[in-house]
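To start, the structure itself, in structure tokens.
The values are calculated or read from the model by the stated rules, or taken from the named source; none is laboratory data. Fair warning: this is a prediction, and the values are worked out from it, not measured in the lab. Positions of Cβ are generated from backbone atoms using ideal geometry, with glycine treated the same way; all protein chains shown enter the neighbour counts. Areas reflect the complete protein model, heavy atoms only, side chains present, ligands, DNA and RNA absent. Shrake-Rupley method; radii C 1.70, N 1.55, O 1.52, S 1.80 Å.
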Amino acid sequence: MSADDTSSALANHYARQNLEAPGSLDHFWMPFTANRQFKAKPRLLASASGMHYRDVDGNEVLDATAGLWCCNAGHARPRIVEAVKQQIGTLDFAPNFSMSSPLPFKLAERLAALAPGDLNKVFFSNSGSEAVDSALKIALAYHRVRGEGQRTRFIGREKGYHGVGFGGMSVGGLPNNRKWFGPGLPAVSHIRHTLDVTRNAFSKGLPAHGIELAEDLERQIALYDASTVAAVIVEPISGSAGVVIPPQGYLQRLREICDKHGILLIFDEVITGFGRVGHAFGAQRFGVTPDMITAAKGITNGCVPMGATFVSDRMFDAFMSGPDNAIDMFHGYTYSGHPLACAAALATLDTYEEENLFDKALSLGDYWQEALHSLKGLPNVIDIRNFGLVGAIEMAPRAGAPGTRAYDVFARAFHEGHLLTRVTGDVIALSPPLIVEKHHIDRIVDVLADTIRATA
């Protein structure tokens, strides 16, 4: 058999293993999933291209969630596919402990050019969870090298999601993500969340009510003393809590309070980064520059795991005061700046730029908003929220069975409407790839309208 024949045979073999349903579903313990419920009626995706998946039964499924908030440029995009193919055969791995390869430096330079303010230093990891844990450790170390090592308290927010590491779990504010795993980090407290359906239901864009909730940060600072607080971490838009949009002026007020007390402000932009709200980062759309940004998901268009923590020049420079031969921060991961992830990220940035996808997301915002809000008045819809190309439809919970109504909408939309959405509690969350067109938006809304009526 020739080399070409061997290569073709291998390609066919590995293609088939993804396209065929598995013989057993017993052994994979699925994350964040009701495993018994899923395995009773599975949803298995076999391939993807552009705006669509195809399931193992051959059905074309419209992707209304960009995979899991990550495939912002759509699926199987040519530049990204080619970059990953070339990289795996050129340099599959290179260590980044006292060694490196060219790509992490090239990628960090490109990313710094996109970031707001002086967030010009980038620390690479493998996920949003790791990006958050890195940010928390950098915050602690930063205060220590400046002689303020007593600043060890973190302030998160109720309903916040910052990944599943012990650091992110601790500063996060989702009860089910916390209660199973013990107390988490010490010296962590939480300000109140900003979801207020009573006053802000069916807001278009930023809700009008709730800026006063930022003052809860002052209450926390007064209780624990500003000199003990290292950092405040919030998502500009909370995704896992059911798409919680910040009230007008809220993020600006958090920035003012942090500046007043010498506290670092961290934006977790794993969801809002890379065009989701019409700018490279939510920080730019909201006009607030934090001291650090955590990112992941859209950085590689979801095709290779990668996380990044953006750090201000001022913070980085504080670590550079020791001897030249001394390690300046004892933290990192084997796969920090992995060459395959860097190649995917560089090609992803090329795709965003070449197709003006951030601008496209901005220009489609009004159409997206009006389409979603056309669902107002359907049975059991109690709120609709939107910003950029993010949306949420909140359903009234069934008596004694919270979460089941929205799950039924999600499952029926997939199996009967061939539409992929995301369910969290009694909220249907939406975040289509930025390549979405108006006719895709129309179909998303039509399928959801039919499904909501059918599950009334």
Report every pair of residues separated by at least 6 positions or lying on different chains whose Cβ atoms are under 9 Å apart, first residue within the stretch 159-182 and among the charged types (D, E, K, R), second assigned to a helix (DSSP H, G or I).
ARG178/MET169; ARG178/SER170
Suppose we filter the stretch 60-89 for residues that are open to solvent by less than 50 Å² (accessible area, probe 1.4 Å) and either farther than 17 Å from PRO305 by Cα or within 15 Å of the chain's Cα centre (by Cα) (or both); how many remain?
12
Within the stretch 246-275, the count of residues that are over 22 Å from LEU136 (Cβ atoms) and either among the basic types (Lys, Arg) or open to solvent by 10 Å² or more (accessible area, probe 1.4 Å) (or both) comes to 5
Single match in GLY167, GLY173, GLY156, GLY117 (criterion: in a loop (DSSP other than H, G, I, E, B) and either out of contact with any Asp or Glu (no Cβ under 6 Å at 6 or more places or on another chain) or within 27 Å of ALA345 (Cβ to Cβ) (or both)):
GLY117
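In the stretch 248-291, how many are assigned to a helix (DSSP H, G or I) and either in contact (Cβ under 8 Å) with a residue 60 or more places away in the chain or not aliphatic (A, V, I, L, M) (or both)?
Going through the stretch 248-291 one residue at a time, the tally reaches 14.
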Restricting attention to the stretch 1-25, report how many residues are within 31 Å of the chain's Cα centre (by Cα), among the hydrophobic types (A, V, I, L, M, F, W, C) and outside any loop (DSSP other than H, G, I, E, B).
2
Sole miss for ARG43 among (1) of a type in the set (D, E, K, R); (2) surrounded by 15 or more Cβ atoms within 10 Å (Cβ to Cβ); (3) not in a helix (DSSP H, G or I) is condition (2)
Those residues of the stretch 46-58 which are open to solvent by less than 50 Å² (accessible area, probe 1.4 Å) and more than 19 Å from VAL436 (Cα to Cα), in sequence order:
ALA46, ASP55, VAL56, GLY58
For the stretch 345-420, please list each of the helices (runs of 4 or more DSSP H) lying entirely inside it that holds at least 3 residues being under 28 Å from PRO42 (Cα atoms) and free of Cβ contacts under 8 Å to residues at least 60 places away in the same chain.
404-415
Could you list, in sequence order, the residues of the stretch 355-391 that are touching a Phe, Trp or Tyr at 6+ places or on another chain (Cβ under 6 Å) and either farther than 18 Å from VAL243 by Cα or open to solvent by 20 Å² or more (accessible area, probe 1.4 Å) (or both)?
LYS376
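Determine whether GLY278 is small (Gly, Ala, Ser), surrounded by 24 or more Cβ atoms within 10 Å (Cβ to Cβ) and under 25 Å from ALA344 (Cβ atoms).
When the stated conditions are applied, GLY278 does not pass them.
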